1. Taking the range 89-143 as the region of interest, how many residues are in a loop (DSSP other than H, G, I, E, B) and either surrounded by fewer than 19 Cβ atoms within 10 Å (Cβ to Cβ) or not small (G, A, S) (or both)?
2. Identify, please: which residue in the range 54-77 is in a loop (DSSP other than H, G, I, E, B) and aliphatic (A, V, I, L, M) and is, among those, modelled with the lowest pLDDT?
3. Could you please tell me which pairs satisfy a Cβ distance under 9 Å, a separation of 6+ or placement on different chains, a first residue in the range 105-119 that is outside the structural domain of G89 (by TED's automatic domain parsing), and a second residue that is of a type in the set (D, E)?
Amino acid sequence: MIADCNAKGVCATLWAMKRYSRSSCLTLSLLCFATTAGAHHSFAMFDRSQTQTIAGTVKEFELINPHSWLRIMVPNARGVQSEWSVELGGAGQLQRFGWTPDAVHPGDKVTVLLHPLRDGSYGGQLVSVTLPGGKVLGQRPPGT
């Protein structure tokens, strides 16, 4: 390939190749990051057009990031227990809405309102939980 060189001996073709190579790498890197971040925040697995109420006993509560979890043992009509995994927001968000690490304890009898999983498995996205004393916690500030 023949390139035009300027008076200082810098070849315009090589300079252009370096410039486009750097910008291409930067663009590709940004696109990869944006795709990963967008995929993480998808709630498509939940059927937000439906709400379901379950009642059971708390097995575990994890107030963690990026998503907290409430695991509930729910009996069916014959008394057979199934574990339900309920996804909540992150710890910082929930703490602003009244959640604390000891808000829910293993053994607590609770009623949970959730958006169920689309595939029908035992789980969903929390709408609210009614605690043994009647206090209701959700993923929004009280009263909204």
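The values are calculated or read from the model by the stated rules, or taken from the named source; none is laboratory data. Note that the structure is a prediction, hence the values are computed from the model and not measured. Note: ideal-geometry Cβ built from the backbone for every residue, glycine included; neighbour counts use all protein chains shown.
1. 28
2. A77
3. Cβ pairs passing all conditions: none.
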